[in-house]
Amino acid sequence: MCNHDHSSEDLPPAGLSRRGILAGATALAGITVASVAAQMASAPAAHAAEPPAAPNYPGRPVTPGAVVIEGGTIVDPLTGDAVVDGVLVLDGGKVAAVGTRDATRKAVAAVAGRAQVLNATGRWVVPGLVDVHVHANALADTRLILQGGATSIRSGSSSFYQDVALAGLPAWAPGASPRMRPAGLFISPELGDSVLADPDLAPLVALPHGVVDASDLAYLTRVNLKRGAEVIKTRANPRAGLAEQDPRELVYDVEQLSAVVNAARGAGVLCHAYSAEGIDGAVRAGVRSIEHGVFVTEASIAEMARRGTFFTPTMDAITSMARSANPVLAARGQEYTPILKAAVRAAHEAGVTVVAGTDSFGTDVTPLGTEVRLLTEAGLSPLEGLRSATTHAARLLGWEGQAGRLVSGGFADAVVVDADPLTDGTALEKVRVVVAQGTVVRNGL
């Protein structure tokens with residue numbers, strides 16, 4: 001039962017400004033002038049549009065320089081087409097041109113003398129990858145995510161708004177962090193020390209049964225949005241990765257999840273769900289994507305297809321439990337792996353859009369290419385595996401036409417790999433070069 005008033009949808013006056021909240025989140029994420037400078041030390045210098053106008057004004061966002069990737073086979077995940085001996089021109093944080101050498105000749109000439117030129121002959125060039133489920137809390141985390149080729153990500157929540165702070169970095173320090181849709185705090189019954197992240201959360205501390213009342217769930221959702229969350233993360237079931245929890249127990253039912261979805265006001269809700277009942281309730285509540293989804297039923301799959309609900313199976317997070325030293329987790333991994341593989345195949349065949357998310361946490365980062373390989377082993381074609389980490393994922397995150405494809409005006413994000421992603425499901429594990437926001441953050445040529 002709720003023990004404070006939520007009669008109005010307006011939030012209470014904040015005792016601390018959003019800037020103050022994010023200052024704390026920034027410190028927790030390890031973001032300092034020195035750390036960003038160290039992160040960018042090996043990258044080509046970018047230039048600011050103009051110097052700061054006043055001591056209290058932070059200046060203007062930084063415009064990245066130019067990069068030319070030539071000689072590789074450029075792949076379009078949407079169509080499956082490829083340009084052999086192609087050229088990709090990135091300038092000012094956007095794709096300036098992409099195509100044959102003749103088609104890109106003028107664009108190459110326009111950046112001559114100031115562009116970093118990379119020779120990708122004998123390799124394949126794909127868009128920057130999109131990981132739709134990560135838990136990044138610090139610069140060390142984002143550095144590892146970028147090294148695996150994920151240049152755009154969706155947060156699966158953070159404990160103290162660190163993801164909101166990290167999401168602000170690309171405009172000011174291109175290449176320091178992937179482009180991100182932050183989720184803020186996990187909408188869950190027990191917030192733990194996360195209540196210390198924000199004075200507006202103080203009213204939730206005294207709730208006798210945690211955050212379970214519909215009005216409290218809506219309140220927490222609105223606080224997240226107020227602090228800069230662009231998506232909302234909630235749950236239907238406990239965690240599978242904790243031996244003491246039962247991932248088939250119901251945490252929130254359809255009415256509670258509907259309260260979160262309604263309060264999100266269009267911000268996509270991703271829902272951690274394992275049990276058939278939990279998944280069904282989340283889908284009927286209108287969540288944007290189901291995360292994990294091991295015990296999804298045929299009926300829920302049909303409803304997901306009808307509603308356009310996305311499916312993020314987090315294959316590596318589930319299957320890797322089978323290698324755990326903990327016997328409970330090892331047993332879960334062994335039981336869940338074939339069930340989840342069958343669920344991926346069934347969902348894909350029914351027309352549900354499957355997207356790639358690693359569920360990486362902190363510096364325990366799984367390269368997104370590994371997740372794509374596992375999806376292809378579950379039954380997706382190499383092209384569909386590539387789409388799960390590019391065009392499909394970009395559409396889920398609202399970046400369709402900007403991320404996930406190398407098209408004129410799109411994001412200046414690209415990855416060079418050593419194998420053909422149209423025929424080889426392991427290709428995205430063979431990352432050679434990563435360009436994020438027009439900045440080369442990995443160069444193994």
Could you list, in sequence order, all residues of region 372-393 that are outside any helix (DSSP H, G or I) and touching a residue at least 60 places away in the same chain (Cβ under 8 Å)? Ala378, Ala389, Thr390
Would you check which residues across region 381-396 are open to solvent by 10 Å² or more (accessible area, probe 1.4 Å) and not charged (D, E, K, R) and list them? Ser381, Pro382, Leu383, Thr391, His392, Leu396
Out of the residues in region 199-213 meeting the condition of being open to solvent by 50 Å² or more (accessible area, probe 1.4 Å) and either within 19 Å of Arg235 (Cα to Cα) or in a loop (DSSP other than H, G, I, E, B) (or both), tell me which one is modelled with the lowest pLDDT. Ala206
Does region 422-443 hold any residues that are assigned to a loop (DSSP other than H, G, I, E, B) and either open to solvent by 20 Å² or more (accessible area, probe 1.4 Å) or in contact with a strand residue (DSSP E or B) (Cβ under 6 Å, 6 or more places away or on another chain) (or both), and which are they? Leu422, Thr423, Asp424, Thr426, Lys430, Gly438
Enumeration of residues in region 231-253 that are in contact with a helix residue (DSSP H, G or I) (Cβ under 8 Å, 6 or more places away or on another chain), part of a loop (DSSP other than H, G, I, E, B) and among the polar types (S, T, N, Q): Asn237
Which condition does Gly362 not pass, out of (1) at pLDDT 95 or above; (2) within 21 Å of the chain's Cα centre (by Cα); (3) over 23 Å from Pro77 (Cα atoms), if it passes all the others? (1)
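Is region 211-227 home to any residue that is among the aromatic types (Phe, Trp, Tyr) and under 18 Å from Gly281 (Cα atoms)? Can you show your working first?
The first filter runs over region 211-227 and keeps only residues among the aromatic types (Phe, Trp, Tyr), leaving 219.
Then drop every residue that is not under 18 Å from Gly281 (Cα atoms), which leaves none.
Looking for residues that are among the aromatic types (Phe, Trp, Tyr) and under 18 Å from Gly281 (Cα atoms), one finds none in region 211-227, hence no.
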Condition first: over 17 Å from Pro178 (Cβ atoms) and either crowded, with 23+ Cβ neighbours inside 10 Å or in contact with a strand residue (DSSP E or B) (Cβ under 6 Å, 6 or more places away or on another chain) (or both). Now tell me which residues in region 341-372 satisfy that. Ala343, Val344, Ala347, His348, Val352, Thr353, Val354
In region 254-271, which residue that is without any contact (Cβ under 8 Å) to a residue 40 or more places away in the chain and assigned to a strand (DSSP E or B) is nearest to Leu329 (Cα to Cα)? Cys271
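Check every one of the helices (runs of 4 or more DSSP H) wholly within region 80-182 and list those with 1 or more residues that are under 16 Å from Val435 (Cα atoms) and not aromatic (Phe, Trp, Tyr). Walk me through how you get there before you give the answer.
Details: elements: 105-110, 139-147, 162-167, 169-172.
Counting at least 1 such residues, we get 139-147, 169-172.
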Residues of region 273-304 that turn out to be in contact with a Gly (Cβ under 8 Å, 6 or more places away or on another chain), open to solvent by less than 40 Å² (accessible area, probe 1.4 Å) and closer than 19 Å to Ala389 by Cα, as a count: 2
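From the residues in region 394-420 that are outside any helix (DSSP H, G or I) and touching a Phe, Trp or Tyr at 6+ places or on another chain (Cβ under 6 Å), which one is nearest to Gln116 (Cα to Cα)? Don't jump to the end; show me each part of the working.
Kept after step one, since they are outside any helix (DSSP H, G or I), are these residues of region 394-420: 397-420.
Next, only the ones that are touching a Phe, Trp or Tyr at 6+ places or on another chain (Cβ under 6 Å) stay: 402-403, 417, 420.
Details: Gln402: 22, Ala403: 22, Val417: 18, Asp420: 24 Å.
Applying the filter and picking the extreme gives Val417.
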Inspect region 102-111 for any residue being among the polar types (S, T, N, Q) and either touching a helix residue (DSSP H, G or I) at 6+ places or on another chain (Cβ under 9 Å) or modelled with pLDDT under 95 (or both) and give the result as yes or no. no
Which ones in region 183-198 are on the phi > 0 side of the Ramachandran plot and either assigned to a loop (DSSP other than H, G, I, E, B) or among the charged types (D, E, K, R) (or both)? Gly184
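The values are calculated or read from the model by the stated rules, or taken from the named source; none is laboratory data. A quick note: this is a predicted structure, and the numbers were derived from the prediction, not measured. Counting neighbours? That spans all protein chains shown, and the Cβs are built from the backbone with ideal geometry, glycine included. When the accessible area is computed, the model is the full protein with side chains, heavy atoms only, and any ligands, DNA or RNA have been set aside. Shrake-Rupley method; radii C 1.70, N 1.55, O 1.52, S 1.80 Å.
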